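Presented below is the structure to which this report refers.
The values are calculated or read from the model by the stated rules, or taken from the named source; none is laboratory data. Computed from a predicted structure; not experimentally measured. Because the Cβ atoms are built from the backbone with ideal geometry, glycine has one as well, and the counts that use them run over all protein chains shown. Keep in mind that these areas ignore ligands, DNA and RNA; they rest on the heavy atoms of the full protein, side chains included. Shrake-Rupley method; radii C 1.70, N 1.55, O 1.52, S 1.80 Å.
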Amino acid sequence: MRKIHTLLVFIFLISSVAFSQYRWDYGLRLGVSNYLGDIGGTDLTRRNFVSDMKLAETKFSGGIFVRTRLGESFGLKASLNYGRIAGADSLSTNYGRRGRNLSFRNDIFELAVTGEYYFYQVNDLGHTYRYRNDFKAYIFAGIAGFHHNPEAYYGGTWVDLQPLKTEGQKTPYSLWQASIPVGAGVYFTLNRKFRIGWELGWRTTFTDYLDDISTKYPTTPFTGSNAALASALSNRSGSYIVNDPVYLAQYGPGQKRGDPTHNDSYIFTTIDFSYVIRGQSNFYHSHYSSLFGGKKYRKRKIRAKF
């Protein structure tokens, strides 16, 4: 009877190993980052998603994460990510943007919490009946907060743009923002211990100032100790086209500098590496831990009676 009981326990553990024993993993990610906003682009006016993205400005991204399984088809992940985004009108084939001649870089530090839905799963790759390797494809969505700080290269150094209020704002925009990460990914679990995956995540933000550009050129002169620097970085068109006052008038006070009708976005594309933490469910602990290395049975001493 005891052997039958042990066999039933073993079958139960094998059938639930993906959920009860290997729910947590933690790791790191390495990849690239891109941006979609008011700088760069092609001959046409602004286009959505990746159509207006300049791959020449692809930069490095990375991060760390921890993930847990909430059930057979759902998971929850918290991640701390870094990515640099950049753009330059000089790389655009849009003549108007090249004349504007603005550029920037921005380092983004992000804390994100996302929920994962596993829409395709193979829990036993190779059909070995040992459940050592598996594959999962998922989509995800969540919420994130991030810090950013756009800069421009000027005079041989990188200059912070937000304090200069280059569009004549009364108050500078916030460097702390929120975004909505959505995307898709896949991962393989190898030998129940290691996971390697790929993930593409699009971040829709609530700001139009990742590139320090949104509305119009200021209509009043800059004042204060940084007035000359703010004026030079607000309108850089003269350094691209000179001696053409008719053309340069398009970049004068009150003229269009950016597109305020669309917020900026950024993308992280990463390769993820993680280690799976072996743990047991509460049911396992309360009923069967003694059978597999938990509380050890003490051998009963049999004493002969003479």
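Annotations
- Every residue from segment 83-139 that is among the hydroxyl-bearing types (Ser, Thr, Tyr), open to solvent by less than 60 Å² (accessible area, probe 1.4 Å) and more than 30 Å from residue 247 (Cβ to Cβ): 114, 118, 138
- Hits in segment 185-197 - residues which are open to solvent by 50 Å² or more (accessible area, probe 1.4 Å) and not in a loop (DSSP other than H, G, I, E, B): 188, 190, 194, 196
- Here residue 137 fulfils each of the conditions (1) in a strand (DSSP E or B); (2) under 22 Å from residue 35 (Cα atoms); (3) of a type outside the set (Val, Ile, Thr) apart from (2).
Residue-wise test of (1) part of a strand (DSSP E or B); (2) open to solvent by less than 70 Å² (accessible area, probe 1.4 Å); (3) at pLDDT below 95; (4) of a type in the set (Val, Ile, Thr).
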{"residue": "183", "(1), (2), (3), (4)": "yes, yes, no, no"}
{"residue": "199", "(1), (2), (3), (4)": "yes, yes, no, no"}
{"residue": "212", "(1), (2), (3), (4)": "no, yes, no, no"}
{"residue": "225", "(1), (2), (3), (4)": "no, no, yes, no"}
{"residue": "231", "(1), (2), (3), (4)": "no, yes, no, no"}
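- Count - residues of segment 194-240 that are of a type in the set (A, V, I, L, M, F, W, C), touching a residue at least 60 places away in the same chain (Cβ under 8 Å), under 30 Å from residue 182 (Cα atoms) and out of contact with any Gly (no Cβ under 7 Å at 6 or more places or on another chain): 2
- Counting the residues of segment 277-303 that are among the aliphatic types (A, V, I, L, M) and either loosely packed, with under 14 Cβ neighbours inside 10 Å or at pLDDT 95 or above (or both) gives 1.
Per-residue answers, yes or no, for (1) more than 25 Å from residue 235 (Cα to Cα); (2) assigned to a strand (DSSP E or B):
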residue	(1), (2)
65	yes, yes
76	yes, yes
84	no, yes
87	no, yes
90	no, no
106	no, yes
128	yes, no
131	yes, no
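- Members of segment 92-104 that are within 23 Å of residue 167 (Cα to Cα) and part of a loop (DSSP other than H, G, I, E, B): 92, 94, 101, 102
- Cross-chain or 6+ apart pairs with Cβ under 6 Å, segment 150-174 first and within 10 Å of residue 212 (Cβ to Cβ), then exposed (fewer than 14 other Cβ atoms within 10 Å of the Cβ) and among the basic types (Lys, Arg): none
- Taken together, 172, 150 contain a single residue that is open to solvent by less than 20 Å² (accessible area, probe 1.4 Å) and more than 30 Å from residue 124 (Cα to Cα), which is 150.
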